[in-house]
Amino acid sequence: MSNGISRFFEPNAPKLSNAKGMHSLRELFKIGRGPSSSHTIGPERACKRLKELYPDADKFKVFLYGSLALTGKGHRTDVVIEQTLSPIETEIVFDVEKTDLPHPNTMDAEVYKNGNKIAVERIMSVGGGTILFDGESAVELPVVYPHSTFNEISEYCSSKRIRIWEYVKEMEDEAIFEYLSEIWQTMKHTIYAGLAADGIIPGRLNLQRKAKYLYNQKHMDESPATRENRIVCSYAFAVSEQNAYASTVVTAPTCGASGVLPAVLLYEQEKFGLSDDAIVKALATAGIIGNLIKTNASISGAECGCQAEIGSACSMAAAALAELFEMGLAQIEYSAEIAMEHHLGLTCDPIFGLVQIPCIERNAVAAMRAINAVSLANFLTDTRKISFDLVVRTMYETGLDLASHYKETSEGGLAKHYNI
């Protein structure tokens, strides 16, 4: 394998979907426990399915490979697996040597009954809490959206003179906006809970919560720009700290990047007195952007680095803000493109495998970058050269070229050089 390509899987590994079209936003926005959609929500869903498939099993032996093995302890993957399969006896093996994997988040489950091995299941946690059992494909999920590029969606919306949220309404079932409303209420609750919390986040870093402190740092001479920075960042910290505490968050598009989108949306809602209905429409627009990235590239840090997580979250947030400001399709596209373009090559190097450093601060920085991306798009849309579809393709290829120690393995970057 050539230098720079992940040692865990080949660069022609199967993508999440090769189908024409995309799946429901319900497959993107999921409510679950942190700290990692790939390392906790995905394995939890896999184990629940194993219990359904093998109700008579009396023992499971689970082998974790790739990123699941290297950072599973820090992400509490073993704890989630044991709790989910309980009371069935479960043995967990962290195998950091196996390299011929279909995806860097791969696990094998051996199923036993009366001392005999009755089945073996290979499962991939492909990002955002989505799992695939070996032999399955995401194409088996219902295709809700007939289009799979922004260009196709833009042409369709332009021909019908509708906005992206109206496109979502047309393609999904009637209950989708009720679902997105639940998503928004959960996002807000997570922010409020994070702002109210004190203390140390569990883990070897002994990291102090900062959201409440940051939110309360008010000064009489504070400028509007400084206040915006402080409030937006405190909201992003609040969600990210809740996630690191293994509390309930919304994948947007992942747990590790869950603080970006709610932070900017709540700030703008409060600033302009916007209704929840307006926010839900913006969430729908953000969801389409996330869906496009998930379909054509990746939202998995283990597959493409943090550009796939925080870059995608920033891109989604920028598009959502552009929708809130009722900007045109070209401006929405440019906002999302700028946000992703300037995260290209971003590595995923969580210290000790914990979703804390640099993850928490990174959510705050990306939230502010989303706001800046919309401002730039508002002024410069007519001068743009790069399409959103092109930058998504570029992100995926960049991710495949990243060395494995920069893709959620905690073997490079800050994770390599930090010492307590």
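The values are calculated or read from the model by the stated rules, or taken from the named source; none is laboratory data. Note that the structure is a prediction, hence the values are computed from the model and not measured. Every residue, glycine among them, receives a Cβ derived from its backbone with ideal geometry; neighbour counts consider all protein chains shown. To get the accessible areas, we keep the full protein, side chains included, count just its heavy atoms, and leave off ligands, DNA and RNA. Shrake-Rupley method; radii C 1.70, N 1.55, O 1.52, S 1.80 Å.
Some notes on this structure:
- Whichever residue in the stretch 140-162 is under 20 Å from residue 293 (Cβ atoms) and either under 20 Å from the mean Cα position of the chain (by Cα) or charged (D, E, K, R) (or both) and, among such residues, is modelled with the lowest pLDDT: 141
- Subset of the stretch 367-393 (residues that are part of a helix (DSSP H, G or I), open to solvent by less than 50 Å² (accessible area, probe 1.4 Å) and farther than 18 Å from residue 323 by Cβ): 368, 389, 391, 392
- Single residue of the stretch 337-356 satisfying the filter (under 19 Å from residue 300 (Cβ atoms) and part of a helix (DSSP H, G or I)) that is modelled with the lowest pLDDT: 353
- Taking the stretch 69-179 as the region of interest, the helices (runs of 4 or more DSSP H) fully inside it that hold 2 or more residues being more than 23 Å from residue 35 (Cβ to Cβ) and out of contact with any strand residue (DSSP E or B) (no Cβ under 9 Å at 6 or more places or on another chain) are 150-160, 164-171.
- Yes/no for residue 412 being surrounded by fewer than 19 Cβ atoms within 10 Å (Cβ to Cβ), of a type in the set (Gly, Ala, Ser), within 30 Å of residue 214 (Cβ to Cβ) and touching a residue at least 60 places away in the same chain (Cβ under 8 Å): yes
- Close pairs from the stretch 265-294: first more than 19 Å from residue 369 (Cβ to Cβ) and without any contact (Cβ under 8 Å) to a residue 24 or more places away in the chain, partner hydrophobic (A, V, I, L, M, F, W, C) and open to solvent by less than 10 Å² (accessible area, probe 1.4 Å), Cβ under 6 Å, at least 6 apart: 269/279
- Residue within the stretch 247-259 that is more than 28 Å from residue 189 (Cβ to Cβ) and either at pLDDT below 95 or of a type in the set (Phe, Trp, Tyr) (or both) present: no
- The listed residue being in contact with a Cys (Cβ under 7 Å, 6 or more places away or on another chain) and either under 30 Å from residue 389 (Cα atoms) or open to solvent by 40 Å² or more (accessible area, probe 1.4 Å) (or both), out of 239, 249, 168, 232: 249
- Only listed residue being over 21 Å from residue 402 (Cα atoms), of a type in the set (Gly, Ala, Ser) and open to solvent by 10 Å² or more (accessible area, probe 1.4 Å), chosen from 278, 286: 278
- Of the residues making up the stretch 104-137, those that are out of contact with any helix residue (DSSP H, G or I) (no Cβ under 9 Å at 6 or more places or on another chain) and either on the phi > 0 side of the Ramachandran plot or among the hydrophobic types (A, V, I, L, M, F, W, C) (or both) number 5.
- Total residues in the stretch 117-133 satisfying the condition of being surrounded by fewer than 19 Cβ atoms within 10 Å (Cβ to Cβ) and either basic (Lys, Arg) or under 14 Å from residue 68 (Cβ atoms) (or both): the figure is 2.
- Residue in the stretch 35-48 that is within 30 Å of residue 288 (Cα to Cα) and among the acidic types (Asp, Glu) present: yes
Residues are listed down the side, and each one gets a yes or a no for (1) closer than 25 Å to residue 402 by Cα; (2) surrounded by fewer than 19 Cβ atoms within 10 Å (Cβ to Cβ):
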{"position": "50", "(1), (2)": "no, no"}
{"position": "57", "(1), (2)": "no, no"}
{"position": "72", "(1), (2)": "yes, no"}
{"position": "79", "(1), (2)": "no, yes"}
{"position": "87", "(1), (2)": "no, yes"}
{"position": "97", "(1), (2)": "yes, yes"}
{"position": "100", "(1), (2)": "yes, yes"}
{"position": "115", "(1), (2)": "no, yes"}
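- Boolean, residue 334 is more than 16 Å from the chain's Cα centre (by Cα) and surrounded by 24 or more Cβ atoms within 10 Å (Cβ to Cβ): yes
- Applying the criterion of being under 12 Å from residue 242 (Cα atoms) and of a type in the set (D, E, K, R) to the residues of the stretch 189-211, the residue that is least open to solvent (accessible area, probe 1.4 Å) is 209.
- Count of the stretch 204-229 residues, restricted to those that are without any contact (Cβ under 8 Å) to a residue 12 or more places away in the chain, of a type in the set (D, E, K, R) and not in a loop (DSSP other than H, G, I, E, B), is 1.
- The helices (runs of 4 or more DSSP H) found wholly in the stretch 230-335 and carrying at least 2 residues that are of a type in the set (Phe, Trp, Tyr) occupy 260-272.
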